[in-house]
Amino acid sequence: MGELHSISEVASKFDGRVTPHQREVLERAVAKLVLIVDQVGVSTSDMIALLESGLTMGELLEYLALRESGVS
């Protein structure tokens, strides 16, 4: 699937305040996002780079939707 930050790494940014239910929801969300980026031809490494460069999650989803629709 490509390289992803681990759920533990993400959870650590919340000072351990992630409940088991929140962790499960986060894991499902990440898995779905990886499937979407794969479907539109974006690597998970590229997705991570976009997010680390300052793209918000909303902007990432808009970008993926545009790629899916064939808009450059």
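The values are calculated or read from the model by the stated rules, or taken from the named source; none is laboratory data. If you're wondering where the values come from, they're calculated on a predicted model, not measured in any experiment. Neighbour counts are summed over all protein chains in view; Cβ atoms, including those assigned to glycine, are modelled from backbone coordinates with ideal geometry.
Can you tell me how many residues in region 51-65 are of a type outside the set (V, I, T) and under 16 Å from A29 (Cβ atoms)?
Here is the first cut: in region 51-65, the ones of a type outside the set (V, I, T) are 51-55, 57-65.
Filter once more, keeping what is under 16 Å from A29 (Cβ atoms): 51, 57-58, 60-61, 64.
Number satisfying all stated conditions: 6.
If I ask for residues that are without any contact (Cβ under 8 Å) to a residue 24 or more places away in the chain and within 15 Å of K32 (Cβ to Cβ), which ones from region 52-72 would you list?
Of region 52-72, the ones without any contact (Cβ under 8 Å) to a residue 24 or more places away in the chain are 52-63, 65-66, 69-72.
Listed by number, the residues that qualify are M57, L60, L61, A65.
Taking the residues in region 37-55 that are at pLDDT 90 or above and among the β-branched types (V, I, T) as candidates, determine which candidate is farthest from the chain's Cα centre (by Cα).
V40
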